[in-house]
Amino acid sequence: MGLDPVKVIVEVDLAGGLPGITVVGLPDASVQESKERVKAAINNAGFAFPMRRVVINLAPADLRKEGPCFDLPIAVGILAAGEQINHQLLAEFLFLGEVSLDGSLRPVAGVLPIAARAQAMGLRGIVLPQANAQEAALASGLEVYGFEQLAEVGAFLDHPERYQPQCCDRAHKLTPSTARLPDLQDVKGQAHARRALEIAAAGGHNLILAGPPGSGKTMLAKRLPSILPALSFDEALEVTQVHSVSGLLKERGHLVCDRPFRSPHHSASGPSLVGGGSYPRPGEVSLAHRGVLFLDELTEFKRNVLEFLRQPLEDGEVTISRTRQSVSYPAQFTLIASTNPCPCGYFGDRIQACSCTPRQRDLYWAKLSGPLMDRIDLQVAVNRLQPEEMTQQTVTGETSAAVKQRVEAARSLAQQRFSQIPGLACNAQMQPEHLRHWCQLTDSTRQLLEGAIRKLGLSARGTDRILKVARTIADLAQAEQLAIAHVAEAIQYRTLDRQI
């Protein structure tokens, strides 16, 4: 349920009567089909399926069961009830996994949070397919046994002393991908946008880039991961749990060591963006947890879909309510969006004239509501390059490595500042009480900010966002107090939507 596993007890009874299998306890179609898989697997693994009436109960009975992870415990329960394997260890171990017709074990999704829950429940260990063993071993304090065949599980239960649990070197596992990320050095010009990208990375701030086609908005956005600080082990575990529940670890390996970068198409629906479905699953905002969610052509998304983003941007999590249950998924991500300034794309361009009417521009930007824009800290206009900049062959911009050093130094300052506050990792997550303590204003900075509020019509949320950005700018400058230059630079990143 969400990221919280629920313990299910598999009870098996062999009774007299005509041979057959009955599964009770609100099983869905995939669990009902496990009867045929388990019967064939037991016979093909060298055991004898009991020619009796088999009743399988999945408790608690009022919780709907889904997925193939019940195959292995059902098979083990039938073999134990038929006295074909030793049942002494069954109460000490958690069993899960899908079985094939030939008796081999296949991996399932959601193993890491399940293993962590088993350790918290005080179980001795977990028995599961070999393909999931490394993932489960990330949960410390738990004996993990992975097997390829159902027959091996029976042999383990009969002679556990012959087997060694799976080991995991947690420090070795946290190895970022060696694949080269796009480098910020490839971007020509755009010093203003590059600076905004650095601030966004240092403080975890949301960013929108607006400019004509070909100005480099997408190119800039795809280089944000190259300047973000590396994941800590605890953060990597959080990200891995979300990807495990979604069944994506087959593509990413056992531990997600790189910050996620998700880029859904503008035709995405609301549930695909924030999660949902009859059986709730994480959406794009949760898959981007501790990473980046890139929405290219933001104004092409449906307005009602964009409004789904308001809660996760504010709270850092998504709550999905259904008739039977309510689940929550983490969603602490950095939003970076790009858009054209008008339908034709050339409003305000210095080279090509705009062909849109004011009415068309108003309707175009009406898709972005005021509350949504208030939640975007940095709003940057990106201009097209001059011809001499386009043809320039020499590299003039800083590398991602150089920018990343400043970002990591700023993040380090913020982490020292928030060391006594759990759950607070960067400036973008500060609450009003934190702003009063760490964003104190002098008389001159207060007058500047008050003037900006009057002239730009800023809301209270927009004003708080300015203070958060100013705090990040001060951290990049290694300054303890907010100066008037820090606040002035932060204010200029709040003017885009008002100008348009």
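The values are calculated or read from the model by the stated rules, or taken from the named source; none is laboratory data. All values derive from a computational prediction rather than experimental measurement. Positions of Cβ are generated from backbone atoms using ideal geometry, with glycine treated the same way; all protein chains shown enter the neighbour counts. Accessible surface areas use protein heavy atoms only, side chains included; no ligands, DNA or RNA. Shrake-Rupley method; radii C 1.70, N 1.55, O 1.52, S 1.80 Å.
Worth a mention:
- Hey, V305 of a type outside the set (S, T, Y), at pLDDT 90 or above, over 9 Å from the mean Cα position of the chain (by Cα) and over 30 Å from G214 (Cβ atoms) or not: no
- Test: residue in the stretch 51-73 that is assigned to a strand (DSSP E or B), in contact with a strand residue (DSSP E or B) (Cβ under 9 Å, 6 or more places away or on another chain), open to solvent by 60 Å² or more (accessible area, probe 1.4 Å) and at negative phi: yes
- Restricted to the stretch 477-498, and to residues there that are outside any loop (DSSP other than H, G, I, E, B) and more than 30 Å from W365 (Cα to Cα), the residue that is least open to solvent (accessible area, probe 1.4 Å) is A485.
- Filter pass, P343 being open to solvent by less than 60 Å² (accessible area, probe 1.4 Å) and of a type outside the set (V, I, T): no
- Any chance E389 is free of Cβ contacts under 8 Å to residues at least 24 places away in the same chain and either open to solvent by 40 Å² or more (accessible area, probe 1.4 Å) or among the aliphatic types (A, V, I, L, M) (or both): no
- Those residues of the stretch 175-222 which are part of a loop (DSSP other than H, G, I, E, B) and of a type in the set (K, R), in sequence order: R180, K188, K222
Residues are listed down the side, and each one gets a yes or a no for (1) open to solvent by 30 Å² or more (accessible area, probe 1.4 Å); (2) in contact with a strand residue (DSSP E or B) (Cβ under 6 Å, 6 or more places away or on another chain); (3) in contact (Cβ under 8 Å) with a residue 24 or more places away in the chain:
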position: E235; (1), (2), (3): yes, no, yes
position: Q241; (1), (2), (3): yes, no, yes
position: H254; (1), (2), (3): yes, no, yes
position: D258; (1), (2), (3): yes, no, yes
position: F261; (1), (2), (3): yes, yes, yes
position: V274; (1), (2), (3): no, yes, yes
position: E284; (1), (2), (3): yes, yes, no
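Table: residues versus (1) touching a residue at least 40 places away in the same chain (Cβ under 8 Å); (2) under 26 Å from T299 (Cα atoms); (3) in contact with a strand residue (DSSP E or B) (Cβ under 9 Å, 6 or more places away or on another chain).
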residue	(1), (2), (3)
S328	yes, no, yes
R359	no, yes, no
G370	yes, yes, no
E398	yes, no, no
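- When L441, L363 are checked against the criterion of being crowded, with 17+ Cβ neighbours inside 10 Å, free of Cβ contacts under 8 Å to residues at least 60 places away in the same chain, on the phi < 0 side of the Ramachandran plot and out of contact with any Phe, Trp or Tyr (no Cβ under 7 Å at 6 or more places or on another chain), L441 stands alone in meeting it.
- Test for Q447: is it outside any helix (DSSP H, G or I) and either at pLDDT 95 or above or surrounded by fewer than 16 Cβ atoms within 10 Å (Cβ to Cβ) (or both): no
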